[in-house]
Amino acid sequence: MSHWQQPLWNWWFVSAQRRVRQIGTALLVGAPIFNKLSASSRSCSSIFIFVFLKQVYPTVGRTFCSTIFVLLSFLFYLQCPHLPPPIPDKRVSLIRNPQPSSVYNHLRMLPLPPLGSLLSAVLVLSAPVQGLSPGLANRNDGNAVGHVARAATACNGSPLLCDRAYSNITHMGAHDSAFLRDESTGNSIAGDQFFNATRALTAGLRLLQAQVHHVNGTLRLCHTSCSLLDAGPLDSWLSAIKFWMDQNPNEVVTLLLVNSDDVEAPAFGQAFETSGIKDYGYTPTSSNGTSSSWPTLQEMISANTRLVTFIASISSWASYPYLLDEFTYVFETPFEVTSLAGFNCTVDRPKTLSSAASAIESGRLPLLNHFAYTTLTSSILVPDAGDIDTTNSPSTTTTGALGRHADTCTQQWGTKPVFVLVDFWDRGPAMDTADRLNGIEAEARSSSSSGSDSGSAGSRLYAVPGALTMAISVLLVGGWII
């Protein structure tokens, strides 16, 4: 039986084991400290404990931290069964009515710490495990429990994808992902997306494409020209993506950057280093791009090399091995389509390839361009938003539909597209076609309307109770130290 088919109780058991170990670590550190310190210092000590936990377990979340806070409050409650009366002297001014009959003092007398502790423990033990920290994920100590924990975790939205090669997955992508048609751009007709890149990632897309221009010594994201639509510096955009990847350690992301001004690799490398995202950069073991050389998603996640970056086009530099020339590894279908009947499966780039068959034989990964333009003048094309519901439709029978285009090319090529680029990705929705091609029903994915720019659906699910337990603990500890 494959590891992702293990019984569900196995996942909960391993998740609970890990949470108990983490809580145990916190209590071993926290209990002695709380026992020795004065009441007024205990709140400050909890901050130190949280910092310690984040160093040991970088992936712990807000709910977990708030649970530890309540557990430590519970220890304090056991040590102080008879709460002190309102404190006189200089601090009386902090409480408007310091009489024992006040609402504040009644709250202090309630046994909230044990209740909060129980609630928090249930929430934390039932929360999905996000995966090992980067430092621990690289360990290979043969621990069977660790193997089950990793296997039970979804990779790019599904446990079914963990053991698949990167080249055997359809990665849905946002074409011109940085160029928005929303209030921030005055709903510019040049915009290709309604939602930004991190919203796209939260909704399940794992490929982000953008145009890069060199302006006054800086790489900027500009649509055709910076006077038309300027989305800001490349490094700022990369920083936002890195933040998202930091919060989602089991996701493999692909970037496709158009090198509009033929800039050399060092300029891109500087932006990747400034943003810090270079640390996630994946370097292939083979320079010819053969599909057999690509690792599985789990291997990339375990090595923490979860970012694949293609640049069209760029020369290889030994100092930046993670910046890959797109057309060494990828071939594309035509991208200037002006009618829904115009989508096809021929090779448009690189020009050196004569057919899709030769491209597949060379080991290049197929990229399906599936977005249409409306012609304003003979030289001006704008994204076709009017037909987008048809264009992004998962239908396999409708002319111009994404589902039909993908199936047609799969039949002609003998393999499914590895990359797909669409405009206005939330319509259709486009992800339905990628899920069908991958044979999955994705987990913990948000819709575009409820997506967050910085976190996963799972983290938002537990944010409210996490905040509630934190508020309870702050109220109680605050009452003891005021």
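The values are calculated or read from the model by the stated rules, or taken from the named source; none is laboratory data. Not measured: the values here are computed from a predicted model. Cβ: placed from backbone, ideal geometry, glycine included. Neighbour counts: every protein chain shown.
In the range 170-191, how many residues are surrounded by fewer than 24 Cβ atoms within 10 Å (Cβ to Cβ) and either out of contact with any strand residue (DSSP E or B) (no Cβ under 8 Å at 6 or more places or on another chain) or among the small types (Gly, Ala, Ser) (or both)?
Residues that pass the stated criteria total 8.
Which of the residues spanning the range 230-256 are part of a strand (DSSP E or B) and over 24 Å from residue 299 (Cβ atoms)?
230, 231, 232, 233
Out of all the residues in the range 219-259, which are among the charged types (D, E, K, R) and touching a Leu at 6+ places or on another chain (Cβ under 8 Å)?
220, 230, 235, 251
Find all pairs meeting these conditions: Cβ atoms under 8 angstrom apart; at least six residues apart or on different chains; first residue within the range 374-390 and among the polar types (S, T, N, Q); second residue part of a strand (DSSP E or B).
Pairs that qualify, where the first residue is among the polar types (S, T, N, Q) and the partner is part of a strand (DSSP E or B), are 374/381; 374/382; 374/383; 375/381.
Look at residue 311 and say whether it is in contact with an Asp or Glu (Cβ under 7 Å, 6 or more places away or on another chain) and not in a loop (DSSP other than H, G, I, E, B).
Here the answer is yes, as residue 311 does meet what is asked.
If I filter the range 249-259 for residues that are surrounded by 18 or more Cβ atoms within 10 Å (Cβ to Cβ), farther than 18 Å from residue 209 by Cβ and not acidic (Asp, Glu), do I get at least one hit? Don't jump to the end; show me each part of the working.
Keep residues of the range 249-259 that are surrounded by 18 or more Cβ atoms within 10 Å (Cβ to Cβ), which gives 249-257, 259.
From what is left, the residues that are farther than 18 Å from residue 209 by Cβ are 249-250.
From what is left, the residues that are not acidic (Asp, Glu) are 249-250.
Yes, there is a match, as at least one residue in the range 249-259 is surrounded by 18 or more Cβ atoms within 10 Å (Cβ to Cβ), farther than 18 Å from residue 209 by Cβ and not acidic (Asp, Glu).
Conditions first: (1) in contact (Cβ under 8 Å) with a residue 60 or more places away in the chain; (2) assigned to a loop (DSSP other than H, G, I, E, B). Residue 300 passes all but one, so which condition is the exception?
(2)
Could you please find all residues in the range 151-176 being over 29 Å from residue 414 (Cα atoms) and either modelled with pLDDT of 95 or more or under 17 Å from the mean Cα position of the chain (by Cα) (or both)?
153
Exactly one condition in (1) buried (at least 17 other Cβ atoms within 10 Å of the Cβ); (2) under 30 Å from the mean Cα position of the chain (by Cα) is not met by residue 335; state its number.
Among (1) buried (at least 17 other Cβ atoms within 10 Å of the Cβ); (2) under 30 Å from the mean Cα position of the chain (by Cα), the lone unmet condition for residue 335 is (1).
List, please: which pairs have Cβ atoms under 6 Å, are six or more places apart or on different chains, and start with a residue in the range 392-405 that is farther than 13 Å from residue 429 by Cβ and end with one that is outside any loop (DSSP other than H, G, I, E, B) and hydrophobic (A, V, I, L, M, F, W, C)?
399/340; 399/341; 400/340
Can you pull out the residues in the range 177-213 that are of a type in the set (Lys, Arg) and either over 22 Å from the mean Cα position of the chain (by Cα) or at positive phi (or both)?
The one that is of a type in the set (Lys, Arg) and either over 22 Å from the mean Cα position of the chain (by Cα) or at positive phi (or both): 181.
Do we find that residue 288 is in the same structural domain as residue 418 (by TED's automatic domain parsing), touching a helix residue (DSSP H, G or I) at 6+ places or on another chain (Cβ under 9 Å) and modelled with pLDDT under 95 in this structure? Write out each step before concluding.
Details: in the same structural domain as residue 418 (by TED's automatic domain parsing): yes; touching a helix residue (DSSP H, G or I) at 6+ places or on another chain (Cβ under 9 Å): yes; modelled with pLDDT under 95: yes.
Answer is yes for this residue.
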